[in-house]
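In what follows, a structure is listed as structure tokens, so that the remarks can point back to it.
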Amino acid sequence: MPYSLFSRIMGFRPLGYSFPNSEPSLNTNNITVMDQNQKVMPRLPVPDLEATLERYLRSVRPLLADNEYEHTEKMVREFGKPGGQGEILQKRLLARAAASTTSWLHEWWNEYAYFAYRDSLTFYVNYFFGFREDPRHPSQLQRAAGLVKAIMEFRQDVVTRQLEPDCARDVPFCTSQYNYMFNACRFPTAPEDHAESYDYETNNHLAVVRKGQFFIVDTVRPDGTQLTANDIMSQLASIIALTDESEESSFGILTTTNRDLWTENRKMIVEAHPSNKETLHRLETAMFLVSLEDYAPSTEEEFSRACWHGTGKNRYYDKNFQILVFSNGMAGFNGEHSRMDGTVTARMCHFAIEQASKRPLPKSSGVIFKAPEKLVLYFPMKFTTRIIEAIAEAERMFQAEVNAHEVGVLEYNLYGKGLIKKFRMSPDAYVQMAIQLAYYKMFGVCKATYESAATRKYAYGRTETCRTVSTDSVAWVTAMCDSTKSTTEKTELLQKAIKSHSEFTVAASEGRGVDRHLLGLRFLVEEDETKPGIFLDPSYERTSHWHLSTSQISDDLFDQYGWGEVVPDGFGLAYMIREGSLHFNCSGLVNMQPKKLLLLIEESLLDMQELCTKNSKAQSITNSSCVIQSIQELSQSTQFPSESTIASHISIKGKLESVQS
């Protein structure tokens, strides 16, 4: 059954269970460019217990009825009282943090949040980017060769440790995730998966898949020099020529099933023939995987789905990442999430797109230094029926998931970050409020919302949860749907909601969120100890049931970005904030109507523009010395509702009526 992640995370740590410390500690010898900040980088803090509990209470208050909140508050106070269970667990967590060579959360997060997850990676874990088109309209082979060559160069910077650390506002970020970017793979095992990384020097080969057939391409010549983009294009052309002559069943589809089934099937493949393990090993140790698709997505939705799940047959979802190139030259990325977050892979993708677009389009050299090696699995007679049935079952399960889901894309071009900043509001918080308003319009209630906040300013930092719903956000969305509320009231409530959200976001990025801290305390409860009431409280689970799973990565070189929902009654909602536009990708089960939610987001953005414009206009009128200047600024920034804005309102109303009918 899908969505098992939360139930797994909610479990207590078994008595005597210890997490393997499989991650490398910080190497302080021979400091390189990439590692220059690792030695002095601060460790992920353990938040103050009292502060976390107070922040937790504030975050759950708008999601609970009065009687529910009273019970939750009682459980929290009991947990946090002097000498109580909270203090005992906090001391254990502080001791763990002091002894850790990475961070107190690192191994826990990898094991419980990812490797213990048993549902399909394809639909519920992996994420994707859709790259902006190259205006020169390269062929599939040209686009693939250009991207591959650029990524190989990025890899070289990682291998030689010459990659400059990324940073925000001059604060350097931890570079540890780049260690798992190349030559890595996830493995299906019971009861939990694991991942392996392989030697860079001895594994300079590329994995390529076309029509479900896998190949290995060596990227280094006998003299030690790397293949050029022209050479790579020749290699890929030979693969297309080979695969277009035949049709074969693809074992890649097996990676789309739930992890327990894939564990059984991979074991069956390995046992079927002595050479099969080594064949898979060649794929697993490759730098990364290139998928040469034989179809051409034409719409935004088709492109989004193609990058998210495709046909399932031309992928290997356990691989660290896959570069996807379609027959019309469009391209994208699909990433396995267990050891890398989107910020590091987005940087690599940006580099590849930018570099490939600056260089002349590749031209096939016509030279094949070493023919691509086709990966063939062998199955004796007694295994033939089993593998055929396994692939057929995987195809049925895959198609059922595809049919069960709806994906919507909204490219909102009326305004973006530029105008929102003129409203003197945080663009991210503003968009989050638009999402809240849309959800409230659709369901008449606000539900738990997750926004990812990066904690990479700390050594081995990953993410923390920013809980979007607040008492202030609920007050604002309800006021927006109340015709008796004035523009001034609505504006003041919006400003309060944005302030609350921004404050929580800052706390989360500083490692002072709620969810990771409480998770750590939970994991330190021994099996023979009384389970704390705060964690047995039904409200704890309900207010962590992410009806909206949201995140922002904004890059002008990406056209698509997204992932699947994390709960069956929820949405996976990705967004990008650009200077003059906003992009949204929403996925969910068909009955949840993700496309309708996007229409309501579009309507909410128009409502918010109109609200902020009216407020700006009112303020300018009250200040006679600034009337002319304010009107000019508003006019130049198109803040006054134009004919196109009014037309957009009418258009959205029509679309909503169509969806509802």
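Annotations for the structure displayed:
- A count restricted to the stretch 478-511 and to residues that are aliphatic (A, V, I, L, M) and free of Cβ contacts under 8 Å to residues at least 24 places away in the same chain stands at 3.
- Restricting the stretch 333-347 to residues that are among the polar types (S, T, N, Q) and within 14 Å of Ala454 (Cα to Cα), the residue that is modelled with the lowest pLDDT: Thr343
- Close pairs from the stretch 84-97: first outside any helix (DSSP H, G or I), partner modelled with pLDDT of 95 or more, Cβ under 7 Å, at least 6 apart: Gly84/Glu78
- Conditions (1) over 21 Å from Asp244 (Cβ atoms); (2) of a type in the set (Lys, Arg); (3) not in a helix (DSSP H, G or I); number of the one not met by Arg386: (3)
- Residues satisfying the stated conditions in the stretch 370-383, i.e. buried (at least 17 other Cβ atoms within 10 Å of the Cβ), part of a loop (DSSP other than H, G, I, E, B) and either in contact with an Asp or Glu (Cβ under 9 Å, 6 or more places away or on another chain) or among the polar types (S, T, N, Q) (or both): Pro372
- Qualifying positions in the stretch 41-71 - small (Gly, Ala, Ser) and part of a helix (DSSP H, G or I): Ala51, Ser59
- Taking the stretch 215-235 as the range and being under 34 Å from the mean Cα position of the chain (by Cα), farther than 17 Å from Ala286 by Cβ and open to solvent by 20 Å² or more (accessible area, probe 1.4 Å) as the test, the residues that pass are Thr228, Ala229, Asn230, Met233.
- Residues satisfying the stated conditions in the stretch 420-457, i.e. in a helix (DSSP H, G or I) and not hydrophobic (A, V, I, L, M, F, W, C): Lys421, Lys422, Pro427, Asp428, Tyr430, Gln432, Gln436, Tyr439, Tyr440, Lys441
- Yes/no for Asp166 being acidic (Asp, Glu) and modelled with pLDDT of 95 or more: no
- Among all residues of the stretch 169-189, there is at least one that is of a type in the set (A, V, I, L, M) and at pLDDT below 95.
- Positions within the stretch 123-146 being crowded, with 21+ Cβ neighbours inside 10 Å and either closer than 24 Å to Gln235 by Cβ or at pLDDT below 95 (or both), in sequence order: Phe131, Pro138, Gln140, Leu141, Gln142, Arg143, Ala144, Ala145, Gly146
- Considering residues of the stretch 123-145 that are within 20 Å of Asn183 (Cα to Cα) and in a helix (DSSP H, G or I) only, the residue nearest to the chain's Cα centre (by Cα): Ala144
- Verdict on Glu354 being more than 24 Å from Phe215 (Cβ to Cβ), among the charged types (D, E, K, R), open to solvent by 60 Å² or more (accessible area, probe 1.4 Å) and within 25 Å of the chain's Cα centre (by Cα): yes
- Of the residues making up the stretch 68-86, those that are more than 34 Å from the chain's Cα centre (by Cα) and open to solvent by 30 Å² or more (accessible area, probe 1.4 Å) are Glu70, His71, Lys74, Arg77, Glu78, Lys81, Pro82, Gly83, Gln85.
- Some residue of the stretch 504-513 being of a type in the set (A, V, I, L, M), farther than 23 Å from Phe79 by Cβ, under 21 Å from the mean Cα position of the chain (by Cα) and open to solvent by 10 Å² or more (accessible area, probe 1.4 Å): yes
- The C-beta contact set for the stretch 585-599 (first residue under 11 Å from Ala404 (Cβ atoms) and open to solvent by 10 Å² or more (accessible area, probe 1.4 Å), second residue among the hydrophobic types (A, V, I, L, M, F, W, C) and at pLDDT 95 or above, distance under 8 angstrom, 6+ apart or interchain) comprises Leu589/Ala404; Val590/Ala404; Met592/Phe571.
The values are calculated or read from the model by the stated rules, or taken from the named source; none is laboratory data. Here the structure is a predicted model, which means the values were calculated and not measured. Here Cβ is always computed from backbone atoms with ideal geometry, including for glycine, and neighbour counts include all displayed protein chains. Please note that ligands, DNA and RNA were not included when accessible areas were found on the heavy atoms of the full protein model with its side chains. Shrake-Rupley method; radii C 1.70, N 1.55, O 1.52, S 1.80 Å.
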